[in-house]
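Student: Just passing along the structure, written as structure tokens.
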Amino acid sequence: MRNGQTPAAAKRDYGYLLLEFRPRAIETGAENERALAVVAELMRRPRLSAAEKTLLKLLAILIEHFEQTHYSLDESSPVETLAELMRARGMTAKDLWPVFGSKGITSEVLGGKRGISKDKAKRLGEIFHVSAEVFI
């Protein structure tokens with residue numbers, strides 16, 4: 001038994017989650033947004049079951065594949081990359097205040113007047129489900 005469940009029960013729970021969310025290869029921006037919404041919903045929960053953790057990992061892989069395929073970030077500056085990821089998710093500078101600590105610092109980063117530290121790049125990578133390297 002794991003987490004109070006038999007292996008059969010855990011497998012059944014994952015099957016129910018798959019039926020509910022129906023994850024598949026992401027091919028459009030709308031499908032990507034839907035997957036991101038499910039990830040956000042799961043991330044807000046205080047505790048995840050084993051089945052939910054597995055679904056979260058699957059969705060992260062699907063989102064990462066779509067975004068690497070459709071949002072080429074290789075030749076962009078860190079600020080350009082950040083701006084594009086924010087645009088794709090409908091985010092504003094205010095959404096990044098918790099990452100950078102203030103309105104002023106966020107403005108300086110987005111304006112290219114201040115660089116992105118490794119610590120902040122790691123946090124941004126977690127938020128956008130990309131490698132922190134794209135922000136450095």
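Bear in mind that the values in this text are calculations on the coordinates, not laboratory data. Note that the structure is a prediction, hence the values are computed from the model and not measured. Cβ atoms come from the backbone with ideal geometry, glycine included; neighbour counts cover every protein chain shown.
Student: Among 109, 88, 135, which residue has its Cα furthest toward the positive end of the charge dipole of the stretch 78-135, with +1 on Lys/Arg Cβ and -1 on Asp/Glu Cβ?
Tutor: 109
Student: Hey, with R₀ at 22 Å, roughly what FRET efficiency would residue 22 and residue 70 work out to, going by the Cβ-Cβ distance, to 0.05?
Tutor: 0.60
Student: A follow-up question, please. Which aspartates and glutamates have a Cα lying under 13 Å from the Cα of residue 120, excluding residues fewer than 8 positions away in the same chain?
Tutor: Cross-link targets: 133.
Student: In the stretch 46-89, which GluC sites (Glu not before Pro) are in a loop and have at most 11 other Cβ atoms within 10 Å, using DSSP for the loop call?
Tutor: 75
Student: Taking the Cα centre of the stretch 67-118 as origin, sum charge times position over the Cβ atoms of Lys and Arg (+1) and Asp and Glu (-1), and report the length of that vector in debye to the nearest 20.
Tutor: Its charge dipole is roughly 340 debye.
Student: Any idea what the alpha-carbon Rg over 2.2 N^0.38 Å comes to for the chain?
Tutor: 1.21
Student: Same structure, new question: In nm, to one decimal, how far is the modelled label at residue 40 from the one at residue 107, with both set 7 Å along Cα→Cβ?
Tutor: Reported label-point gap for residue 40 and residue 107 is 2.5 nm.
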